[in-house]
Each structure stands twice: as C-alpha cells, then as structure tokens.
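See below for the structure under consideration.
Bear in mind that the values in this text are calculations on the coordinates, not laboratory data. Model, not experiment: these values are computed from the prediction. As a convention, Cβ positions derive from the backbone with ideal geometry for all residues, glycine included, and neighbour counts pool all protein chains shown.
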Amino acid sequence: MMEAQLEITDLIAAIRKGQVSPDNSLEPVFDRLQAFECWTSYFHLLEQQIDNPKKRALTHYVRTARAYSVHLEDITKAARVCLKMMKDMRLSYQEFRDKALYSIIDEQDYGNEGILLQSIYPKLKSKEDNVACMERLCLIYEKKKYDENNLNKSYERLIELDPYNQKALRYFKIVYTQNNQWEKVAQVLMNLFTSAKHVNDRYRSAQELAAVYLYQLDAPGNSIDVLEKYCADSPLSTFAIHYEAYYRMQNWEGCLKVLQTQVRKISGDLNRATLTLRIGEMLEKLRRSDDAILAYKRVLELAPNMLEPLEKLSDIYLRQENWQAVIETLNTLDECLDDQFLKDKVREGIDRLQSALDDSVKKA
C-alpha cells in the first residue's frame, strides 16, 4: 500500500512538472488517478488534452463528464462538459447518444439524462436532431420522471419545431380536452388528420373532429362537412354523429339519407325494424305519408310484435280519415297487446269507431 501511495505521489508530481509524455497512451494514467480519486490532477491532465485541438479526443470529454456526474455527483459541471463536447467535436444527437451519453451516466438515470439533453439541445444543428432530442425529453418527463412542468415546456418546443408531430399533437389533444379548450382541440385534430400516416388514423381523427364540432362547439354543419368529405369510406361507424348533426339542423332529408344508408349496413331484424321506424318518422316530417305507411308496414314485417308502428299507422289513417284502415290497424294492435286494461281500451275504441261507420252508412 505504501508503495502504491508513493507511485501515485510520483505520478502527480510528474503531471505538475509536465513530465507525463502525451506521446504515450494516457489511459493507464487516467485509470490510476481515478482509482486513487486524485481528481485535481485527473481534471488537470484531461483539460490539457481538451484544450489542445490536436490532442483532444471524445474519450477525454466522456471521462471528464463521467467523473463529475458519477464520482463527484455534480451533474451541472458534467452538463457544461457535454455542451463543450458538442461544440468541439461537432456531434450529431445520435452520435452523442451512441458514443457518449451512456458512458457518462447510467442508462436508467433518467433525471440526469434529462439535464444533459437539455444542455446539449442548443448545439444541435439539424431540425431532425432537435426533434429527436425533444421527443426523448418528452418521453423522460412523461413516462420516467413525471415532471409536468418540464413535460409541457418540452412539448411546446416540439410543436414549434414540428407542428404536425404526432406525439405532441396527441399530448395537446389531451391537455386541451381536460381544459375544455374545444377550439384548440378541433385544430389539433385537424392537424392529426392532415399528418396521419395510416388511413385508419385519418378516419379516427376525422370522426373525433366531427364529434367535437357537434357536441362541444355546437357546429353541426361543420360536423357534417367533415363526415361527408373525409369519412365516407370509413370502417368506423359515424352514424350516430351524422344523424344527430342533421337532426339538430332540422334537416329531415339529411336524417332520412343517413338512416337509409345505415339500415342497409346493419344486421338483425330488430335492429332494422328500429331504424325503419325512424325512417317512417322522418318521412312523416317530410309530409310523405304514403311512404311513411310503407315504412311502418315494413317495420311490422321485421318485428310483428312492435307496437309503435301500429300507433303511428293509426295516427296517419286518422289524419287521412281512412276509418277502415284505422279499424284494421287497431285490431292488429289489440292482438299484440298483453295488458288487459289496454286491450279493453283498444276494443272500446274499435267498437265506437265501427258503430260510427255503420251509422254513417245507414244515413247514406
């Protein structure tokens, strides 16, 4: 031990006198100084190499930065070394990650990684490097360190660099939604739609945009425009949004069109019957009573025990003063009812109507 101490003392003295030859490999010298934690001499010798453009090498910067970050736990000084390294060695972001970063800190040291990446960011030359660096910072603050303040700042930088960046847009869609900033949500969704790489992502973004226009911004016209322009061939169901948008505008022709399209797509007699019933209602609103009658009769073919179409047929026949059709419809309704009280009421109505018809025939 005493001999080792004498050797390191001699080595330090040689360094101070400038007697360590740079022509020989300095790696063993660095290793020995590090082993004995002779940091003053260690940094002095490394700085001599770094300050000399002919001698400096990437390993000199990495050694210096690692000594500060790991051994002396001074990440601020390590960050300064990294900044100088990027300037002197003209590294790209990927070169910094591949050749330096995880030799300076451990791979799981996300907090210090964030500090180092923040420090080198100003020296990155290309947009691609800036975007890649900022995406990594966003991931660190969102998934590893849960730093909301830095996360928001990083995503703001990212969206400034790349307005159509999918990760940033998805982040701001969540933020704006949570804050009920629906105009901004709509703009983000439009950008997501514009920049989507896969057709299904385009359809999804367009559908969400249509929903925001309808339910949050009360702009059913905009919702319809989006659906009919961008979602006509979408595998996603847009029926509910499309129908509601036309309904809010009291555009019964539009409602009818959407219902007729949807009834061709669905399966199951009960499902078809339910939509066909609504088709009949739209036809009534359009004063197309004869077509509405056909629609309600189609409902009864699909769902013979459904009461609503019988009630609606009765109403139409009453308005048309088609008394015989009213009686036939009420008879069918009577057969479908289970409740005895309701059956009695229907029978009473039938009897009264039949009696009135009989009287009118006699008078004629």
Next on the checklist: Students often get this wrong, so check it: of Lys84/Lys127; Lys54/Lys145; Lys77/Lys125; Lys99/Lys173, which have C-alpha atoms separated by over 29 Å?
Outcome noted: Lys54/Lys145; Lys99/Lys173
Checklist entry - Using the eigenvalues of the Cα gyration tensor, what equivalent ellipsoid semi-axes result for region 108-213 when each is taken as the square root of five times the eigenvalue, whole Å, largest first? => result 27, 15, 11
Checklist outcome for this item: For Glu348 and Lys54, extending 7 Å from Cα along the Cα-Cβ vector and measuring point to point gives, in nm, a value of 11.7 nm
Item to check | Rg/Rh for the chain, where both radii come from Cα atoms and Rh is the Kirkwood radius | outcome: 1.40
Checklist entry - Roughly what would the spin-label model give for Glu321 and Phe341, points 7 Å off Cα along C-beta, in nm? => result 3.5 nm
Next on the checklist: Quick query: amide H of Asp109 versus all other amide H atoms, modeled in the peptide plane; which residues come in under 5 Å with a sequence gap of 5 or more or a different chain?
Outcome noted: none
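Which FRET efficiency value, to the nearest 0.05, do you get for Asp106 and Glu160 by plugging their Cβ-Cβ distance into 1/(1 + (r/R0)^6) with R0 = 41 Å?
Efficiency, from the Cβ-Cβ distance: 0.85.
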Checklist outcome for this item: For region 147-160, in residue order, the Karplus 3J(HN,Hα) values (coefficients 6.51, -1.76, 1.60; θ = phi - 60°; whole Hz; Gly and Pro = x) are 9, 5, 5, 5, 4, 5, 4, 5, 5, 5, 4, 5, 6, 5
Checklist entry - Quick one: Karplus J couplings for region 80-97, per residue in order, coefficients 6.51, -1.76, 1.60, θ = phi - 60°, nearest Hz, x for Gly and Pro? => result 5, 5, 4, 4, 5, 4, 4, 5, 6, 8, 6, 7, 7, 4, 5, 5, 4, 5
Checklist entry - Quick one: net charge of Lys257's neighbours, Cβ under 12 Å, K/R +1, D/E -1? => result -1
